[in-house]
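The values are calculated or read from the model by the stated rules, or taken from the named source; none is laboratory data. For clarity, every value in this text was computed on a predicted model and none was experimentally measured. Using ideal geometry, Cβ is built from the backbone for each residue, glycine included, and neighbour counts are taken over all protein chains shown.
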Ligand SMILES: CC(C)(COP(=O)(O)OP(=O)(O)OC[C@H]1O[C@@H](n2cnc3c(N)ncnc32)[C@H](O)[C@@H]1OP(=O)(O)O)[C@@H](O)C(=O)NCCC(=O)NCCS
């Protein structure tokens, strides 16, 4: 199976009874609990995207899929299948990465968040990342902050352990077009076995992370209609 990166505009299924019909009873109840329409639509689009792409990949009905969270909240298919996924959602975009490898993570952020993330930099970036950031021309720093943020989140999410991973215990370094991960031995990992990719989609930045040495070949798809 090839790695697939899917995305959807959160408003796509906003008032669609067919989309709601794909959700479990528990998910429909959760959907109703969101008061701001924007968050409600984002929740629905996320569930629909995950269920539709996994249902297509496995050749089963999307509404038949069941999920279980790991100890840190990461959802996986139940029963465990040879296919894994990770999702990220933000204003205006929901993305889902699907792959045969369990060590995958994805994160998306709006580019407009650059100045805000730059202000948070001393609290969330590693010392090496901060010094590289400070060496950049001022006009490039906000975009680098978004890039770093999404890369760090993609790695955290691929490890599946949330913020139990110290944010300053690993650092992303940039050599020409390549991005490289340095991990402190305390985190029990080797940065060299990780691969990362970042792309811009409209006003959003998306970073993906995958561990191990399987041959990655990607497909990018937009979900525009139900199965
Ligand atoms: C889940 C987490 C890893 C990321 O959350 P986030 O960036 O706010 O949200 P995203 O939209 O990218 O991802 C949320 C999705 O990740 C998945 N997820 C939840 N827990 C996860 C975990 N431990 N590992 C991987 N994925 C997880 C879920 O599918 C969730 O969506 P859902 O609840 O709708 O199913 C969370 O632990 C977190 O808040 N992380 C750190 C925030 C931070 O300070 N980052 C600093 C970066 S420099």
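At-a-glance table
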read-out	value
One residue from 151, 97, 130, 117 being surrounded by 14 or more Cβ atoms within 10 Å (Cβ to Cβ), within 12 Å of the ligand (Cβ to nearest atom), modelled with pLDDT of 95 or more and in a strand (DSSP E or B)	97
Of the criteria (1) more than 9 Å from the ligand (Cβ to nearest atom); (2) in the same structural domain as residue 50 (by TED's automatic domain parsing); (3) under 14 Å from residue 209 (Cβ atoms), which one residue 85 fails	(1)
Lone qualifier among 158, 171 - being touching a residue at least 12 places away in the same chain (Cβ under 8 Å) and in contact with a helix residue (DSSP H, G or I) (Cβ under 6 Å, 6 or more places away or on another chain)	171
Among the candidates 52, 46, residue that is assigned to a helix (DSSP H, G or I) and either on the phi > 0 side of the Ramachandran plot or more than 11 Å from the ligand (Cβ to nearest atom) (or both)	52
Evaluation of residue 84 against (1) within 16 Å of the chain's Cα centre (by Cα); (2) farther than 30 Å from residue 199 by Cα (one fails), failing number	(2)
Residue list for region 75-94, filter: part of a strand (DSSP E or B) and under 27 Å from residue 37 (Cβ atoms)	75, 85, 86, 87, 88, 89, 90, 93, 94
Qualifying positions in region 154-177 - part of a strand (DSSP E or B) and in contact with a strand residue (DSSP E or B) (Cβ under 9 Å, 6 or more places away or on another chain)	170, 171, 172, 173, 174
Leading residue by the ranking (modelled with the lowest pLDDT) among those in region 10-27 that are in a loop (DSSP other than H, G, I, E, B) and within 15 Å of the ligand (Cβ to nearest atom)	13
Selection status of residue 30, farther than 23 Å from residue 162 by Cα, in a helix (DSSP H, G or I) and outside the structural domain of residue 195 (by TED's automatic domain parsing)	no
